[in-house]
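Colleague: Before I ask anything, let me first share the structure, which is written out below as structure tokens.
The values are calculated or read from the model by the stated rules, or taken from the named source; none is laboratory data. The model shown is predicted, which means the values in this text are computed figures rather than measured ones. Methodologically, a virtual Cβ is constructed for each residue, glycine included, from the backbone with ideal geometry; neighbour enumeration extends over all protein chains shown.
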Amino acid sequence: MRKPKNTLTILASAALTFLAGCANYQLGTTLPSHLRSIYVETFKNATKEPQIETTITSQSIREFQRDGQLKVKGADDADIILKGVITDYELESVRSNRNNPKATLEYKAIVTVQIIATERTTGKKVVAQSVTGSKIFDVRGDLMTARRNILPEVSRELGRKVVDAVISAW
């Protein structure tokens, strides 16, 4: 086994190995240069759950701001217009009480939104898909309070998935 003769050879080998590992990594956004901003219209609520459109829309906007690839702007200034319809909000029983199988201890809250993202200037529909977010939660106290308390967490996850769906379209 032959050892490298000098430090320069070791450094060059390390640099090449490092650069090879980064070959497919891209810094910045993958979006076209003419798409840098988005307007998020308040989602429509097609469920029986009151006021969830406000929470879900707000969380989606926060996630776009957190992601930073698209700046959130008003409808007249944005490059992309995002519309959404909350189509489903359901609770699924996950775990029951052993002594009383009818008593549910954990639920999964599942929210589904149909989103459509359109380029404002051309009207070209870029994204049209269903996005679902869910969270498991314990029922402590009454179910209505637990449902209300889990909604921000489900909305955050849903917001991240909405951002991913819009960004990954390009």
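Yes/no matrix, rows are residues, columns are (1) under 19 Å from T47 (Cα atoms); (2) under 20 Å from the mean Cα position of the chain (by Cα); (3) not aromatic (F, W, Y):
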site	(1), (2), (3)
N97	no, no, yes
Y107	yes, no, no
R120	no, no, yes
Q129	yes, yes, yes
G133	yes, yes, yes
R147	yes, no, yes
L151	yes, yes, yes
A165	no, yes, yes
S168	no, yes, yes
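Colleague: So, in the stretch 39-58, of the ones that are more than 15 Å from the chain's Cα centre (by Cα) and outside any loop (DSSP other than H, G, I, E, B), which residue ends up nearest to N149 (Cα to Cα)?
Modeller: That would be I52.
Colleague: While we're here: Which residues, taken from the stretch 104-130, are of a type outside the set (V, I, T), in contact with a Gly (Cβ under 9 Å, 6 or more places away or on another chain) and under 26 Å from K73 (Cα atoms)?
Modeller: Q114
Colleague: Here's a follow-up. Taking interchain pairs and intrachain pairs at least six residues apart, which have beta carbon atoms under 7 angstrom, with the first residue in the stretch 68-95 and over 17 Å from T54 (Cα atoms) and of a type in the set (F, W, Y) and the second at pLDDT below 95 and part of a strand (DSSP E or B)?
Modeller: none
Colleague: Something else: Just to be sure before I move on: is I61 at pLDDT 95 or above, of a type in the set (A, V, I, L, M, F, W, C) and either part of a helix (DSSP H, G or I) or over 16 Å from the mean Cα position of the chain (by Cα) (or both) in the structure I sent?
Modeller: yes
Colleague: Sticking with this structure for a sec: Looking at (1) farther than 30 Å from L31 by Cβ; (2) in a loop (DSSP other than H, G, I, E, B); (3) in contact (Cβ under 8 Å) with a residue 24 or more places away in the chain, can you tell me which one T121 breaks?
Modeller: (1)
Colleague: Name every residue in the stretch 136-170 that is modelled with pLDDT of 95 or more and either among the basic types (K, R) or on the phi > 0 side of the Ramachandran plot (or both), in order of residue number.
Modeller: Once the filter is applied, which keeps residues that are modelled with pLDDT of 95 or more and either among the basic types (K, R) or on the phi > 0 side of the Ramachandran plot (or both), the stretch 136-170 yields R156, R160, K161.
Colleague: For the stretch 65-86, state whether one or more residues are modelled with pLDDT of 95 or more, in contact with a helix residue (DSSP H, G or I) (Cβ under 9 Å, 6 or more places away or on another chain) and assigned to a helix (DSSP H, G or I).
Modeller: There is at least one residue in the stretch 65-86 that is modelled with pLDDT of 95 or more, in contact with a helix residue (DSSP H, G or I) (Cβ under 9 Å, 6 or more places away or on another chain) and assigned to a helix (DSSP H, G or I).
Colleague: Based on what the data block shows, is T112 of a type outside the set (K, R) and out of contact with any strand residue (DSSP E or B) (no Cβ under 9 Å at 6 or more places or on another chain)?
Modeller: No; evaluated as a whole, the condition is false for this residue.
Colleague: In the stretch 96-109, what residues are in contact with a strand residue (DSSP E or B) (Cβ under 6 Å, 6 or more places away or on another chain), surrounded by fewer than 16 Cβ atoms within 10 Å (Cβ to Cβ) and either in contact (Cβ under 8 Å) with a residue 24 or more places away in the chain or of a type in the set (A, V, I, L, M) (or both)?
Modeller: L105, E106, listed by residue number.
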